[in-house]
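J.: I'd like to ask you about the structure that follows.
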Amino acid sequence: MIEEANVGLKWFSKDIGGKLDATESYDYIKSSFFTAFVAAGKPEGMAVFELYDNTFDIVTLYFTPNAKELAEYFKAMPCEKPPLSIDLTIIVGVYGSFEYYYSSD
């Protein structure tokens, strides 16, 4: 079962600033991740999600456990899996990553 295989795996997060300020970091991380993602053969479960906090104007990127090396490269910090939310969107990776990590949520 997919969910059992993902238990205990750490996610990584990185706040990249406000919506307007974050564009350069966002674009750099997105393009770098996409290049590495393709080079790795587009593995299942390797993705980056974005969550925007409108109240505090903070964009947070969440790297899946399968993206650990890139998360560490970008100095993302270990964190818990982000809660499934309508505002959580995938920005790079296989779109099936939602099901891969949230199949039982």
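J.: For the range 43-55, what does the Karplus curve 6.51 cos²θ - 1.76 cosθ + 1.60, with θ = phi - 60°, yield as ³J(HN,Hα) per residue in whole Hz, taken in order and with x for Gly and Pro?
T.: Once rounded to whole Hz, the list reads x, 4, x, 8, 7, 10, 10, 10, 9, 9, 9, 5, 5.
J.: Follow-up. List the residues whose amide H sits under 5 Å from the amide H of Ser13, counting only those 5 or more places along or on another chain, with H placed 1.01 Å from N in the peptide plane.
T.: Phe63, Met77, Cys79
J.: Over the range 2-102, what portion of Cα pair distances is larger than 23 Å, expressed as a whole percent?
T.: That fraction is 19 percent.
J.: Still on this structure, please answer the following. At 7 Å along Cα-to-Cβ for each site, give me the label-to-label distance between Phe56 and Lys75 in nm.
T.: 1.9 nm
J.: Taking the Cβ of Ser31 as the centre, find all other residues whose Cβ is under 15 Å away and add up their charges (Lys, Arg: +1; Asp, Glu: -1).
T.: -2
J.: Select from the range 26-81 those GluC sites (Glu not before Pro) which occupy a DSSP coil region and have at most 11 other Cβ atoms within 10 Å, ordered by residue number.
T.: Glu80
J.: Hey, another quick one. Just want the answer: with Cβ charges of +1 for Lys and Arg and -1 for Asp and Glu, which residue in Thr23, Leu70, Tyr95 is farthest toward the dipole's positive end in the chain?
T.: So the residue furthest toward the plus end is Leu70.
J.: Principal axes first, then extents: for the Cα atoms of the range 61-105, list largest minus smallest coordinate on each axis, whole Å, largest first.
T.: Rounded to whole Å, the extents work out to 28, 19, 18 Å.
J.: Suppose every Lys and Arg Cβ carries +1 and every Asp and Glu Cβ carries -1, with no other charges. What dipole size does the chain come out with about its Cα centre, to the nearest 20 debye?
T.: 280 debye
J.: Which whole-Hz ³J(HN,Hα) couplings does the range 20-33 yield from phi under the Karplus relation 6.51 cos²θ - 1.76 cosθ + 1.60, θ = phi - 60°, glycine and proline marked x?
T.: In residue order, the calculated couplings are 7, 6, 8, 4, 5, 4, 4, 5, 5, 5, 4, 5, 5, 5 Hz.
Computed from the coordinates by the stated procedures, all read-outs in this text should not be read as laboratory data. A quick note: this is a predicted structure, and the numbers were derived from the prediction, not measured. Counting neighbours? That spans all protein chains shown, and the Cβs are built from the backbone with ideal geometry, glycine included.
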